[in-house]
Amino acid sequence: MKNENLAERIFCDLRNAEIKIVKASYRVDGHKIGDGNARQFNISEINGSFGFSEGVALFYDNLTFTEAYQKLIDAVKSLGPELKFYSLVMPRKACTEARLEEFDKVVTRYIVDYLQMSDQLAARWDVLVGPAD
């Protein structure tokens, strides 16, 4: 999955579900992006075990990537027939990789963190999305 653009996959699944996506909002340094209706979802991975969660906490549910992705896309679809994506802060420290993934109005964030307490790498894909205005 690491070489796949999650934003493109989300875009295709939402388009197939006939969900409209409006122009994304991007974070500007010093300003918080999102609104009261935006929700953050993520898929996390450590040692080949995946999890899905809402918010900033990571969970490893011993799922396959496909199972975790299905939970994420179901949660995104439940937000309504017209959605807006928001960019997230790109960390500059404590991660080995960080990138913004974009595809036709869908924005996601991919991060690989080093977990010093367990000497492991953990990956996460974050999505900040809400109903369109």
Exercise for the section: Please verify whether the range 91-111 includes one or more residues that are within 24 Å of Gly36 (Cα to Cα), outside any strand (DSSP E or B) and free of Cβ contacts under 8 Å to residues at least 24 places away in the same chain. Expected result: yes
Practice task
Kindly indicate whether Asp61 is of a type in the set (Asp, Glu), farther than 16 Å from Leu128 by Cα and assigned to a loop (DSSP other than H, G, I, E, B).
Solution key: yes
Handout entry: Any chance Ile111 is among the β-branched types (Val, Ile, Thr), within 21 Å of Phe11 (Cα to Cα) and either open to solvent by 40 Å² or more (accessible area, probe 1.4 Å) or in contact with a helix residue (DSSP H, G or I) (Cβ under 7 Å, 6 or more places away or on another chain) (or both)
Key = no
Fill in the blank from the handout: Of the residues in the range 115-133 that are outside any strand (DSSP E or B) and at pLDDT below 90, the one that is nearest to Ala24 (Cα to Cα) is Asp133
Handout entry: Subset of the range 104-114 (residues that are farther than 13 Å from Ile21 by Cα and either among the acidic types (Asp, Glu) or at pLDDT below 90 (or both))
Key = Asp113, Tyr114
Exercise for the section: Scan the range 77-88 and give yes if some residue there is touching a Gly at 6+ places or on another chain (Cβ under 7 Å), over 22 Å from Thr64 (Cβ atoms) and surrounded by fewer than 19 Cβ atoms within 10 Å (Cβ to Cβ), otherwise no. Expected result: yes
Handout entry: Residue under evaluation Asn5, criteria (1) surrounded by 15 or more Cβ atoms within 10 Å (Cβ to Cβ); (2) polar (S, T, N, Q); (3) modelled with pLDDT of 95 or more, criterion not met
Key = (3)
Fill in the blank from the handout: Of the residues in the range 47-61, those that are modelled with pLDDT of 90 or more and either of a type in the set (Asp, Glu) or open to solvent by 70 Å² or more (accessible area, probe 1.4 Å) (or both) come to Glu54
Practice task
State all residues of the range 46-81 that are at positive phi and within 13 Å of the chain's Cα centre (by Cα); if no residue qualifies, say none.
Solution key: Gly55
Practice task
Restricting attention to the range 114-124, report how many residues are open to solvent by 60 Å² or more (accessible area, probe 1.4 Å) and farther than 15 Å from Phe59 by Cα.
Solution key: 4
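The values are calculated or read from the model by the stated rules, or taken from the named source; none is laboratory data. Please read all numbers here as calculations on a predicted model, not as lab measurements. Positions of Cβ are backbone-derived with ideal geometry, glycine not excepted, and every protein chain shown enters the neighbour counts. What goes into the accessible areas is simple: the full protein's heavy atoms, side chains included, and nothing from ligands, DNA or RNA. Shrake-Rupley method; radii C 1.70, N 1.55, O 1.52, S 1.80 Å.
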